[in-house]
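In what follows, a single structure is set out as structure tokens and then discussed.
The values are calculated or read from the model by the stated rules, or taken from the named source; none is laboratory data. The structure presented is a predicted model; accordingly, all values stated were derived computationally and were not measured. Using ideal geometry, Cβ is built from the backbone for each residue, glycine included, and neighbour counts are taken over all protein chains shown.
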């Protein structure tokens, strides 16, 4: 008994396979393009939380003067003088500790160098951010 196989044209079957592969590839490309459009490339940045800053002074100027006088009375017994002043060039508060009998400056906070640096920074900021420009 002999089995007869149908004759198949190899060029025709290659064309059919090629068409099917082409259809599959085009379907995959469409799906990939659809997914690329659907997914955002970057995640959105969340909104920054709002922070409330209390800009009211903690202590009034009268209370501060009273505390300074209290500190000065406390250090009189140690022959020291503490002076709280505002630097005229920078407007920053300065604390000076000096020997009461000799007037010698023992310590200043912030230092003279730091105050000069602050003044220079303020000057440079004024040059960079000129109000006229």
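Odds and ends about this structure:
- Within segment 63-78, residues that are modelled with pLDDT under 80 sit with their Cβ atoms under 6 Å from residues that are surrounded by 13 or more Cβ atoms within 10 Å (Cβ to Cβ), at 6+ positions apart or across chains, in these pairs: 68/84; 71/82; 72/82; 75/82.
- Meets criteria (exposed (fewer than 10 other Cβ atoms within 10 Å of the Cβ) and at pLDDT below 70) for residue 52: no
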